[in-house]
1. Within 16 Å of the ligand (Cβ to nearest atom), open to solvent by 10 Å² or more (accessible area, probe 1.4 Å) and under 30 Å from TRP470 (Cα atoms) - does that describe any residue in the stretch 338-345?
2. Can you name the residue in the stretch 325-334 that is open to solvent by 10 Å² or more (accessible area, probe 1.4 Å) and in contact with a helix residue (DSSP H, G or I) (Cβ under 8 Å, 6 or more places away or on another chain) and, of all such residues, is farthest from the ligand (Cβ to nearest atom)?
3. If the Cβ limit is 7 Å and pairs must be 6+ apart or interchain, which residue in the stretch 238-254 that is under 23 Å from ASP392 (Cβ atoms) pairs with which residue that is among the β-branched types (Val, Ile, Thr) and more than 8 Å from the ligand (Cβ to nearest atom)?
4. I need a count of the residues in the stretch 346-364 that are part of a helix (DSSP H, G or I), more than 16 Å from the ligand (Cβ to nearest atom) and closer than 18 Å to SER252 by Cα.
5. Restricting the first residue to the stretch 186-206 and requiring it to be within 20 Å of VAL31 (Cα to Cα), which pairs with a second residue that is not in a helix (DSSP H, G or I) meet a Cβ separation below 9 Å and a spacing of at least six or different chains?
6. So PHE238 ticks every box in (1) at positive phi; (2) within 14 Å of the chain's Cα centre (by Cα); (3) open to solvent by 20 Å² or more (accessible area, probe 1.4 Å) but one. Which box is left unticked?
7. Quick check: is even one residue across the stretch 287-304 surrounded by 23 or more Cβ atoms within 10 Å (Cβ to Cβ), at pLDDT 90 or above and not in a helix (DSSP H, G or I)?
8. Can you name the condition, by its number, that SER92 falls short on among (1) open to solvent by 10 Å² or more (accessible area, probe 1.4 Å); (2) more than 18 Å from TYR233 (Cβ to Cβ)?
Amino acid sequence: MSDEPKLLESGPPAKWNRRSAFILAAIGSAVGLGNVWRFPFVCYENGGGAFLIPYLFAIITAGIPLLILEFSLGHKMASGAPLSFFKARRNSEWVGWLMVLVGFVITAYYAVIMSWCFNYLFQSFSLGWGDDPGGFFTDKLLHLSSGPGELGGLNWPLVAGLALTWIWIYFCIRKGAKSVGKVVLVTVPLPWLLLLILAIRGGTLEGAGAGLNYFLNPDWSKLLDPGVWLAAYGQVFFSFSLAFGVMITYASFLPRKSDINNNAVIIGLSDAATSFLAGLTVFSTLGFLAVGSHHTVAGVMESGPGLVFAVYPTILNQLPFWPGFFAAIFFIMLLTLGIDSAFSLVEASAEAWVNKLGLKRKPVLITVCVIAFAFGLLFATDGGLWWLDIVDNFINKFGLILGGLFECIVLGWLYGARKLREYANRDSEIKIGRWWDFLVKYFTPAILVVTFGMDLVKTVTEPYGGYPDWALFAGGWGVVAAVFVLSFVFMRIHANKNRAPAGEQGGGTGE
Ligand code: PFF
């Protein structure tokens, strides 16, 4: 490898204007659709109330320590993910690109899910999904084809919602930290408020108690199952937006003197609290549905899109008063929950290219948005949901886990956990001890290796979702392989040579 620096800086990036702007933006990224449609289900499936123990354990041993790791790296190197890795260890730049690319793939379909939300919002006041919300979702809205082999044409209402989502994303992050800092003042508290309104509505419905009982009734025997503990780690990783380059990028916009450890604790616990509140809301409302339909709560439980776009609208139909109003609140909540997660991923990509090419932010951002929109069109076809499901499963399982693993290896071992710990402690009120090095170097990588091994065996032995092999190769293994290959290709691209070589930010104090 030549000695010539490949990644160079491109002028001073905008900084957060207040500490709360950073905290809110990071919470906004962490709190997303995953809190509403993933956490309640994962919790219920893995021991109900008893799951809170492995979940808290995963937060303390991996979630918050890795937030500290990413914040220290981004803050110290004052750059997006690839440049931060480059500064830490020259030939590890690809790890940063890997994270950014995984995030890019996720945004492409995350934006399509937001397009579904827009379409539902337009139907809300008239409860336009009628008596059969499940049928409305798959037939009327998605025109779902018979399988991934039948792509069909573009679905125009979805394309329109997708375009709207991308325009919204663009305007939110147009001015980087400056505009994001303003947007999150609305997009973080508003969904909380709406979730609270829905929690109160759900909690006062008939059957709520039975639903909550399902959610929280502890099954202690589950704690003996290692799969339950791994599920807790998987949930924490996705929910904390770890290993996507987002937290590294956001921390790079912090002023020099910043309390990294405290920020990580506040952000982690806020995300966990939101998940818990979402669990209460979802399950109390499911209890109401179970009573009305004479089913058990388990019988009406679904996770993923089914919960939000079929089960929830069924419940909204049956609300005793103002169903249209609560429907609109529900979909506005989802949109405002999702938007800051979506734009955080775009910001991570845009910042990576601004660093690399030394170009102005605006053209880079527009290009990233347009390419992601174009890629997302695949998911806005009649066969789109099948592809979304395949890509989501593989990229989250393999891209995310491997990204996290390489991150721990490069930063914990090659760069040195101790250096980052000392850096994090410099301006932090709570000091972390040597145990943190152990978690980053041994513990979290071990968990990730075991999870990876188990997922790999499972995926090889039973084809995911019963899809044909060719579809799993194209949308699953193919996308994961492409993300890896592109990480190395992007690393090899020559950075803008006209600028000063990038050095790491040594000081933690004073500008
Ligand atoms: N944490 C988000 C959620 O729980 O929905 C999803 C997400 C956003 C993952 C941003 C990764 C990311 F970088």
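The values are calculated or read from the model by the stated rules, or taken from the named source; none is laboratory data. All values reported here derive from a predicted model rather than from experimental measurement. Backbone-built Cβ (ideal geometry, glycine too); neighbour counts: all protein chains shown. Ligands, DNA and RNA are stripped out before the accessible areas are found, and what is left, the full protein with its side chains, is counted by its heavy atoms. Shrake-Rupley method; radii C 1.70, N 1.55, O 1.52, S 1.80 Å.
1. Within the stretch 338-345, one or more residues are within 16 Å of the ligand (Cβ to nearest atom), open to solvent by 10 Å² or more (accessible area, probe 1.4 Å) and under 30 Å from TRP470 (Cα atoms).
2. Within the stretch 325-334, the match that is farthest from the ligand (Cβ to nearest atom) is PHE326.
3. If the second residue must be among the β-branched types (Val, Ile, Thr) and more than 8 Å from the ligand (Cβ to nearest atom), the pairs left are PHE244/VAL102; GLY245/VAL100.
4. Summing the residues that are part of a helix (DSSP H, G or I), more than 16 Å from the ligand (Cβ to nearest atom) and closer than 18 Å to SER252 by Cα in the stretch 346-364 gives 6.
5. VAL188/VAL31; PRO191/VAL31; TRP192/VAL31
6. (1)
7. Among the residues of the stretch 287-304, not one is surrounded by 23 or more Cβ atoms within 10 Å (Cβ to Cβ), at pLDDT 90 or above and not in a helix (DSSP H, G or I), which makes the answer no.
8. (1)
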